[in-house]
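**Q** Encoded as structure tokens, here's the structure I'll be asking about.
Every number here is computed from the coordinates shown, using simple stated rules; none is lab data. As the structure is a prediction and not an experimental result, all values here were calculated from the model. Methodologically, a virtual Cβ is constructed for each residue, glycine included, from the backbone with ideal geometry; neighbour enumeration extends over all protein chains shown.
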Amino acid sequence: MNQDGAPILLVAEDDPDLLELLVAALRMTGHEVLAARDGMQALALLRSRPIDLAVLDVLMPRMTGLEVVREVRSDRSIDQPVLLMLSALCSRSDVRAGLIAGADDYLAKPFDLGELIDRVDVLLTERAVSVPSI
């Protein structure tokens, strides 16, 4: 969470138009949103500061979203964010691979922007309920 108590989100997407749309939509809901254009940049941001939730495209250059998920889940020095996969790969085996890798949710492209916002809100609420405050 940032100083105002708003969740900090990361959106990693290699399509610049979709990245801009997602960042703008999530900012309009009151979240602080960081943007990454590939998996390596996303992982660097996840290592640099606490992030509450990351929306990760599966197919990105330099490092896939699945590779980012595996790296985050195996590196306990990273604050463990909620991870939402976003992908045009949407077969049962694709979704299963994302969940097995450690993703908390998986949303297929094309998607409804309202559904993405709803899922982000639900995942953040579930995190707030399950993580005791100090």
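**Q** Short version: what are the Cα gyration tensor semi-axes of the chain, square root of 5 times each eigenvalue, largest first, in whole Å? Intermediate values should be presented prior to the final figure.
**A** Working: eigenvalues 80, 58, 46 Å².
In descending order, the three semi-axes are 20, 17, 15 Å.
**Q** List the residues whose amide H sits under 5 Å from the amide H of Arg62, counting only those 5 or more places along or on another chain, with H placed 1.01 Å from N in the peptide plane.
**A** Answer set, sorted by chain and number: none.
**Q** Which order, highest average first, do 35-45, 83-93, 109-119 follow once you tally other Cβ atoms within 10 Å for each residue and take the mean per peptide?
**A** In decreasing order of mean packing, 35-45, 83-93, 109-119 become 35-45, 83-93, 109-119.
**Q** Return the sequence-ordered ³J(HN,Hα) values of the stretch 92-105 in whole Hz as given by the Karplus equation 6.51 cos²θ - 1.76 cosθ + 1.60 applied to θ = phi - 60°, using x for Gly and Pro.
**A** Coupling constants for the stretch 92-105: 4, 5, 5, 4, 4, 4, x, 5, 5, 5, x, 5, 8, 7 Hz.
**Q** Another question, then. Under the rule of at least 5 residues apart or a separate chain, name every residue whose amide H is placed under 5 Å from the amide H of Ala54.
**A** It is Leu10, Val82, Leu83, Leu84, by chain and number.
**Q** Please give me the summed charge of the neighbours of Met28: other residues whose Cβ is under 15 Å from its Cβ, Lys and Arg +1, Asp and Glu -1.
**A** -3
**Q** Mean-square fluctuation check for the chain, GNM, Cα pairs under 10 Å: which of Glu67, Glu20, Glu32 is largest?
**A** Residue with maximal mean-square fluctuation among Glu67, Glu20, Glu32: Glu20.
**Q** To continue, here is another question. Based on alpha-carbon centroids, what's the gap between the stretch 89-116 and the stretch 40-81 in Å, whole number please?
**A** Cα centres, the stretch 89-116 to the stretch 40-81: 16 Å.
**Q** Which whole-Hz couplings ³J(HN,Hα) result when phi for each residue of the stretch 7-17 is put into the Karplus expression 6.51 cos²θ - 1.76 cosθ + 1.60, θ = phi - 60°, listed in order with x for Gly and Pro?
**A** Rounded to whole hertz, the list is x, 9, 10, 10, 10, 10, 7, 8, 7, x, 5.
**Q** Would you pull out the residues with amide H under 5 Å of Ala35's amide H, same chain only if 5 or more places away, H placed 1.01 Å from N?
**A** Val11
**Q** What number, in percent, do you get for the relative contact order of the stretch 57-128 if the mean sequence gap of Cα pairs under 8 Å and at least 6 apart is divided by its residue count?
**A** Numbers: 69 pairs, mean separation 20.7, N = 72.
In percent, rounded to a whole number, it is 29.
**Q** Gain in length, Ala24 to Arg49, computed as 0.36 nm per residue apart minus the alpha-carbon separation, to one decimal in nm?
**A** Working: separation 25, 0.36 × 25 = 9.00 nm, distance 2.09 nm.
Full extension from Ala24 to Arg49 adds 6.9 nm.
**Q** While we're here: Suppose every K and R has +1 on its Cβ and every D and E has -1 on its Cβ; what is the size of the dipole of the stretch 69-134 about the Cα centre, in Debye to the nearest 20?
**A** 280 debye
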